[in-house]
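Everything on this sheet refers to the single structure shown next.
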């Protein structure tokens, strides 16, 4: 899309976007990181990638054969 536009049109689009973004509320990175860490740690007890899946709920557990590539 930008290839079909002149430099003036591109700059006009960028200016319009910056005018929209200038009023966006900003917060420091530190508190945002702390909030993200707290959120992730709150979900740890239920995370199957961390905790694992119990054998009775695992549909892939057991001898179901496999794939043989020859």
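Quick rundown of the values:
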{"quantity": "Only listed residue being exposed (fewer than 10 other Cβ atoms within 10 Å of the Cβ) and either part of a helix (DSSP H, G or I) or more than 18 Å from the chain's Cα centre (by Cα) (or both), chosen from 33, 67", "calculated": "67"}
{"quantity": "Residues satisfying the stated conditions in region 3-14, i.e. exposed (fewer than 10 other Cβ atoms within 10 Å of the Cβ) and either at pLDDT 95 or above or assigned to a helix (DSSP H, G or I) (or both)", "calculated": "3, 4, 7, 8"}
{"quantity": "Test: residue in region 51-61 that is surrounded by 10 or more Cβ atoms within 10 Å (Cβ to Cβ), out of contact with any helix residue (DSSP H, G or I) (no Cβ under 7 Å at 6 or more places or on another chain) and outside any helix (DSSP H, G or I)", "calculated": "yes"}
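The values are calculated or read from the model by the stated rules, or taken from the named source; none is laboratory data. This is a predicted model, so every value here is computed, not measured. Glycine also receives a Cβ, built like all others from the backbone with ideal geometry; neighbour counts cover every protein chain displayed.
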